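See below for the structure under consideration.
The values are calculated or read from the model by the stated rules, or taken from the named source; none is laboratory data. Predicted model only: the values in this text are computed from it and were never measured. Positions of Cβ are backbone-derived with ideal geometry, glycine not excepted, and every protein chain shown enters the neighbour counts.
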Amino acid sequence: MKKNKKKLNQNVSASVIILVFFLFIMFVILMVIYSANYKSENKRFFDSANIVLTNKLGDLLNYQVKQDTIINNALKKGYTFDNPYVIENPFKLNPLSAMIIFNTNDIKSVKVSINDSFVFNTEESKVHVIPVYGLYSNSINIIKLELDGNTKEVEVKTSPYDNSLENYQVVNNLNGKTHLCVVGDLNSDKSMFRVFDKNNNVLLYMDFANFTNFDIDDDRLYLEYKINDSLPGITLEVDYMGKIYSVTSSYDYKNKGISLNLTDKSYYIKPYNFYPEIVKNYKTKSVHDTDSNTYKNTLFISDLENELDNALTYKKDYLFDVAGTFIFFKFEEEVDELLVITEDSNYVYSYDIKNINMIKHDITDKKTFFIKINDKYYKLNNVIE
């Protein structure tokens with residue numbers, strides 16, 4: 001009797017397992033069908049052709065990400081003091097810069113001189129990623145490295161850059177500092193950022209136009225940049241090598257330089273000590289945004305299906321631009337939300353954009369955009385692909 005009961009229990013258990021497995025398979029099949037239907041329905045939001053937008057900032061951000069990989073890979077290849085790895089203008093923004101990479105068997109500090117002038121010592125380390133900035137333009141610059149009585153010279157050739165301060169003498173306006181930072185129009189219809197030494201030689205310039213203001217905090221430059229003449233300025237946090245660390249639409253330029261007028265052109269200037277006594281190894285870091293008020297809400301397309309299907313095309317003028325993972329915009333009227341849909345996705349990403357003009361969003365796949373104004377939805381055509 002007990003034997004038969006045991007056999008019956010085993011049969012019931014097997015039946016339950018088979019039933020659960022069958023139900024699970026059916027659930028998976030239904031979910032696949034459900035998801036496929038959503039994806040096919042999603043395509044209706046991509047009826048109109050979108051325009052691909054590119055700009056200098058977007059190209060630069062993408063380039064710098066690739067350079068980070070090159071630098072990190074170079075650290076693993078065993079370069080030595082006698083045979084270092086040299087990258088000229090590593091981040092494509094400061095042409096008067098270079099990076100020197102090598103390893104030593106023991107923890108060491110390296111003495112660095114540029115064009116026969118001592119500049120700084122590096123931090124003690126076995127791994128040396130030395131940032132070099134302050135090179136002369138249109139020159140063969142000699143960077144001398146000294147380690148344990150040995151000397152290694154590295155040559156870096158730079159391109160011409162004719163940009164003087166006219167009759168303005170830097171040495172008379174340093175106020176005990178070593179360099180003068182300047183932003184403004186010099187021999188150009190676009191504003192550039194530069195650094196001059198006491199002999200009026202430009203030792204650093206950001207190869208980028210449309211800078212309208214600047215600030216300095218330790219080894220960071222905060223440069224107000226206009227991605228488009230009609231868009232509000234944004235701020236790029238940049239180091240002396242030209243690496244962009246952050247992009248933000250809000251920055252308080254409390255420590256901006258002195259206003260200066262030369263030949264009816266306006267500039268901001270600020271004296272500054274550019275080189276610290278000890279320079280740390282360079283460490284790569286991903287760019288980020290610092291707009292904490294950018295809030296993203298994730299919704300199912302089904303939650304807004306009727307509203308988006310019935311959305312009218314936005315007819316008023318607006319500006320839309322993209323750089324890397326950053327999206328910039330400007331509308332004639334106050335917009336409550338910006339909605340982003342990726343092709344073949346079940347989700348809508350909604351951003352509260354009141355009082356801001358930038359969000360950060362992955363734009364590698366095809367996207368379509370809607371906006372919400374006073375509880376009404378509008379589609380933005382011809383934005384990005």
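Could you please find all residues in region 120-136 being surrounded by fewer than 19 Cβ atoms within 10 Å (Cβ to Cβ) and out of contact with any Asp or Glu (no Cβ under 8 Å at 6 or more places or on another chain)?
Passing the criteria: E123, E124, S125, V127, Y136.
Being in contact with a strand residue (DSSP E or B) (Cβ under 7 Å, 6 or more places away or on another chain) and in a strand (DSSP E or B) is the filter here; which residues of region 107-117 pass it?
I107, K108, K111, V112, S113, I114 - these are the residues of region 107-117 that are in contact with a strand residue (DSSP E or B) (Cβ under 7 Å, 6 or more places away or on another chain) and in a strand (DSSP E or B).
Looking at (1) closer than 20 Å to T248 by Cα; (2) touching a helix residue (DSSP H, G or I) at 6+ places or on another chain (Cβ under 7 Å); (3) in a loop (DSSP other than H, G, I, E, B), find the lone condition where V322 falls short.
Of the numbered conditions (1) closer than 20 Å to T248 by Cα; (2) touching a helix residue (DSSP H, G or I) at 6+ places or on another chain (Cβ under 7 Å); (3) in a loop (DSSP other than H, G, I, E, B), the odd one out for V322 is (3).
With respect to S164, is the statement that it is of a type in the set (G, A, S) and either surrounded by fewer than 18 Cβ atoms within 10 Å (Cβ to Cβ) or more than 31 Å from the chain's Cα centre (by Cα) (or both) true?
On the way: of a type in the set (G, A, S): yes; either surrounded by fewer than 18 Cβ atoms within 10 Å (Cβ to Cβ) or more than 31 Å from the chain's Cα centre (by Cα) (or both): yes.
When the stated conditions are applied, S164 passes them.
Among the residues of region 326-352, which ones are in contact (Cβ under 8 Å) with a residue 60 or more places away in the chain and not in a strand (DSSP E or B)?
Within region 326-352, E343, D344, S345, N346 qualify.
Quick test of your reading of the structure: A98 fulfils all but one of (1) out of contact with any Pro (no Cβ under 9 Å at 6 or more places or on another chain); (2) closer than 23 Å to K198 by Cα; (3) modelled with pLDDT of 90 or more; (4) not in a loop (DSSP other than H, G, I, E, B). Name the failing condition by number.
With (1) out of contact with any Pro (no Cβ under 9 Å at 6 or more places or on another chain); (2) closer than 23 Å to K198 by Cα; (3) modelled with pLDDT of 90 or more; (4) not in a loop (DSSP other than H, G, I, E, B) applied to A98, the lone miss is (1).
Looking only at strands (runs of 3 or more DSSP E) that lie completely in region 132-188, which have at least 1 residues being touching a helix residue (DSSP H, G or I) at 6+ places or on another chain (Cβ under 7 Å)?
Working: elements: 140-147, 150-157, 179-184.
Here the list reads 179-184.
Restricting to region 326-358, and then to whatever is closer than 15 Å to F369 by Cβ and polar (S, T, N, Q), can you tell me which residue is modelled with the highest pLDDT?
S350
I'd like the residue in region 184-202 that is at pLDDT 85 or above and surrounded by 19 or more Cβ atoms within 10 Å (Cβ to Cβ) and, out of all such residues, is farthest from G242 (Cα to Cα).
Step one: of region 184-202, the residues at pLDDT 85 or above are 193-202.
Next, only the ones that are surrounded by 19 or more Cβ atoms within 10 Å (Cβ to Cβ) stay: 193-197, 202.
On the way: F193: 11, R194: 12, V195: 13, F196: 16, D197: 18, V202: 15 Å.
Step by step, filter region 184-202, then rank; the result is D197.
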